[in-house]
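Presented below is the structure to which this report refers.
Read the figures in this text as sums done on the coordinates, not as results from a lab. Here the structure is a predicted model, which means the values were calculated and not measured. Please note: Cβ atoms are built from the backbone with ideal geometry, for glycine as well, and neighbour counts cover all protein chains shown.
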């Protein structure tokens, strides 16, 4: 089955290559195509191997708990370093300089929160996903419905970024139509997750992380080599070329035009990591809490190093791409607008830069790696979504714990196919959105709903099911409604003249509101169930801190 799907996928690509060479719209890159197909073949082989090992729900969701801390750290980095990281942030630095680094700093800042507040307790308390943790002493049904609702919305937003990045990339690679490119990505995602589960997803992410770190290091090194490894010379050239001049080296419109939006964005990025379902799910693939801590340390190191490279790539692109008019569409008088006329849009800055400094071979390698990045992240998202639907909603809400493993596996695979179709549709609808910004919105939802409920359920005795449910849904609804009424959706997608909310990032409103609502509706909860929930806090604390009674890897 997998080999047949691989063959069909390649057949779908080949006409696109011929079209690219024949209609003048784009020129197919032979090294890129070869590396792309090699990656697809290798990962299909991994999926075939993993499918033979995936027998139970534990294998499907957590790879049987057999991943080491170092391997999981690489896999987390592979999951986290998405299209937004390589394509989006490099593009934002290219457009706005220093302002673009706000996203990178915010993304990185979330990891100490995960390290000190979440990772160890999560592994000791949970089995498959973070909903297991929130429902440890709180109401199963309400907690899982909340967790699944928030997770599926976060996954949808995150998928938009990945599908847009992948579609644009394949358009440049093969010259095929954007919609067909998105369909190809969705089809590959379905194969990886439906057949290989967490084992295949983990190894695809590990391979992708190694290739991504190597490729970004090589690209940044070649950029610096063009300026005798002197960053000052590179930055001076970028300042001279960029339309805003010295302004790119200082906080700009991101902060000065609306400080509340900048603060709101920072809060979402700082606390959103600890609420992302596909990231939290990775802590259940290791054997114990010690390995979970190691995972965070390794992941933080790899991710921090990568974001330093995006700084060099973004500013290096300003200084170098201007010398290559072939990457731009020129105006009638022959002038180049380096911001608005870049072929493929600013999300393709890193891809064009790789061609400029390393030729078609480096372009082919980095394009294939970037595609691997997107597919790995999309697979992780689909797996988290399948867990929310099958494990949380079907097994524990609708079937009330009576579902067999065979039934859960069937629902998981059906959910994977459904999520793949939804991802394709979202990728087509949101084609022109900046991918880093879309991920920022997903972080805001995660920080406003999942994070407050998760943190207070394990750290505050007074948290009750009533408080967590109402507060979590208030944070979720507030953040979602704010985003819908902002310029990003209300104006750019729906076409209205003016946005209703004053700035697009909801975190500064929705995050405190969620915490306050959880507190208020918990302290006013006098039900008999709330008494038992508070009493169960001691058992939760002992298990979360010591691991006594935690699910062992062999029990997964």
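Which whole-number percentage describes the relative contact order of region 378-481, with Cα contacts under 8 Å and a sequence gap of 6 or more?
Relative contact order for region 378-481 comes out at 22 percent.
Sort 189, 115, 409 so that the residue with the fewest other Cβ atoms within 10 Å of its own Cβ comes first and the one with the most comes last.
Details: 189 31, 115 18, 409 22.
So the residues, fewest neighbours to most, are 115, 409, 189.
Express the C-alpha Rg of region 50-98 as a ratio against the empirical globular expectation 2.2 N^0.38 Å, rounded to two decimals.
1.73
Taking the Cβ of each residue in 128, 322 as the centre, tally the other Cβ atoms inside 10 Å and list the residues starting with the fewest.
Going from least to most buried by this count: 322, 128.
For residue 541 and residue 177 in the same chain, what is the full-extension length gain: residue separation times 0.36 nm, less their Cα-Cα distance, in nm?
On the way: separation 364, 0.36 × 364 = 131.04 nm, distance 5.40 nm.
Fully extending the segment from residue 541 to residue 177 adds 125.6 nm.
Which angle from 0 to 90°, rounded to the nearest 10, does the C-alpha axis of helix 101-113 make with the longest principal axis of the chain?
30 degrees
What percent do you get for the relative contact order of region 383-437 when only Cα pairs under 8 Å and 6+ apart count?
On the way: 29 pairs, mean separation 20.8, N = 55.
Result for region 383-437 is 38 percent.
What Kirkwood hydrodynamic radius do you get for region 85-168 when you take the inverse of the mean 1/r over all pairs of distinct Cα atoms, in Å?
15.5 Å
If we count other beta carbons within 10 Å of each Cβ, what is the order of 513, 353, 280, fewest first? Display every interim value, and only then the final one.
Details: 513 19, 353 29, 280 26.
So the ranking, lowest neighbour count to highest, is 513, 280, 353.
Relative to the longest principal axis of the chain, what angle (0 to 90°, nearest 10) does the C-alpha long axis of helix 507-523 take?
Roughly 0 degrees between the two axes.
Before anything else, pin down the relative contact order of the chain: Cα pairs under 8 Å, at least 6 apart, normalised by residue count, whole percent.
29 percent
Of the listed peptides 212-218, 448-454, what is their order by residue-averaged count of other C-beta atoms within 10 Å, with the highest listed first? Each step should come with its number before you reach the end.
Values: 212-218: 20.0, 448-454: 30.1.
Packing proxy ranking, top to bottom: 448-454, 212-218.
Over the Cα atoms of the chain, each weighted equally, I'd like the Debye log10 I(q)/I(0) at q = 0.09, 0.10, 0.12 Å⁻¹, rounded to two decimals.
Debye output, listed in q order: -0.63, -0.78, -1.12.
Could you bin all the Cα-Cα distances of region 367-501 into 10 Å bins starting at 0 and give me the percent of pairs in each, rounded to whole numbers?
Pair shares across the bins are 11, 27, 35, 23, 4, 0.
Need the full-extension length gain, residue 484 to residue 496, defined as separation in residues times 0.36 nm minus the C-alpha distance. One decimal, nm.
Length gained between residue 484 and residue 496: 3.2 nm.
If you find the alpha carbon centre of region 136-215 and of region 255-316, how far apart are they in angstrom?
One Cα centre to the other: 17 Å.
Return one number: the angle in degrees, 0 to 90 and rounded to the nearest 10, between the long axis of the Cα atoms of helix 140-174 and the longest principal axis of the Cα atoms of the chain.
It works out to around 10 degrees.
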